[in-house]
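Here the structure comes first, spelled out in structure tokens, and everything after it is commentary.
The values are calculated or read from the model by the stated rules, or taken from the named source; none is laboratory data. All figures in this text were calculated on a predicted structure; none of them were measured in a lab. Virtual Cβ from ideal backbone geometry, glycine too; neighbours counted across all protein chains shown.
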Amino acid sequence: MKLIETLRIRATSRLRREKARLGLGQRPARLDIRLDGLDAPLPGEVPGLTLEAWQERVVELLQWAGPMPVRITAHAGHALLPDLVRFCHRLEMPVTVRTGPDGLSAARAEELLDRGMQLCELVAASLAGPGEDAVRALVHARNSRGVPLTVHVHVPISEASAAGARANFEAARGLGADGVVLCPPWQGVSLSALARTGVTAALAEGWPLQKTSAGAREVLGSMSAGGPGAPRNGGKCEVGGLRLALLPDGSALVCPFKPGRASGPLADSGADLAAHRDAIRRCDRACGHPELV
């Protein structure tokens with residue numbers, strides 16, 4: 001029965017995504033929970049919600065939108081991360097953990113895997129040093145536990161990381177990762193000729209660019225030396241209204257970039273939500289940002 005329910009959730013999520021591409025109104029198909037970002041909290045930073053408060057918010061949105069895949073973005077050492085992964089897993093919602101290499105030890109990787117993590121998105125500009133250690137920890141946890149775990153290395157492209165993009169591909173493949181995702185920068189930038197050569201070489205790799213969208217590939221390929229930077233998205237946003245996000249203070253967004261309603265479950269109708277979705281459709285940001293892939 002558990003397998004049937006999991007397949008049903010996956011089929012429903014796929015149907016939502018496909019209907020969204022056709023322009024049909026849909027409830028969110030994925031929940032993004034941001035505990036504290038990828039970095040450790042700053043000294044004196046206002047703490048986020050308690051575990052009980054997070055559970056209440058998740059249940060509230062689950063009752064409104066139904067079961068959906070969950071991605072939890074957090075520093076690997078966040079105290080609430082394992083318990084929140086377990087809670088979402090027990091609600092039959094596939095769990096992805098998006099984190100950085102800092103704090104992702106072998107013991108932590110095994111703990112997250114035991115709690116129900118199905119996919120890990122490791123955000124690292126390089127696989128040297130801590131990045132390599134984190135991938136090794138994830139692969140070791142997968143092998144020692146004997147359970148499925150997909151490991152994707154997300155490389156945000158910048159002037160510093162672009163030249164070594166292909167080297168990251170080779171390193172990830174050698175370490176046992178399942179793929180590399182090249183992420184366009186948050187803002188349009190111009191790359192030097194050397195950096196652009198590195199991006200071109202990575203895009204030409206035979207090993208698949210896992211989950212790197214066609215829009216992201218186009219953006220990456222258009223960042224030329226001395227140019228205006230990443231082109232803006234010219235069509236309707238396929239993400240707006242599909243990604244429901246919860247920020248560390250519990251406020252809800254239906255787009256990572258534009259504010260939404262701060263409290264209460266989001267409604268299917270109403271002037272506020274309609275205006276918000278119209279603003280998303282007019283968004284001129286490039287597709288394939290790290291938060292959107």
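Side notes on the structure shown:
- Residue list for the stretch 84-115, filter: of a type in the set (G, A, S) and crowded, with 20+ Cβ neighbours inside 10 Å: G100, A109
- Close contacts from the stretch 107-136, counting a first residue that is in a helix (DSSP H, G or I) and a second that is of a type in the set (S, T, Y), with Cβ to Cβ under 7 Å and a gap of 6+ residues or different chains, come to E110/S144.
- Of the residues R98, R86, the single one that is farther than 23 Å from A172 by Cβ and within 19 Å of the chain's Cα centre (by Cα) is R86.
- Matching residues, the stretch 172-183, being within 17 Å of G100 (Cα to Cα) and either assigned to a helix (DSSP H, G or I) or touching a Gly at 6+ places or on another chain (Cβ under 8 Å) (or both): A172, L175, C183
- Number of the exception - G37 against (1) farther than 21 Å from G179 by Cβ; (2) modelled with pLDDT under 90; (3) more than 13 Å from the chain's Cα centre (by Cα): (3)
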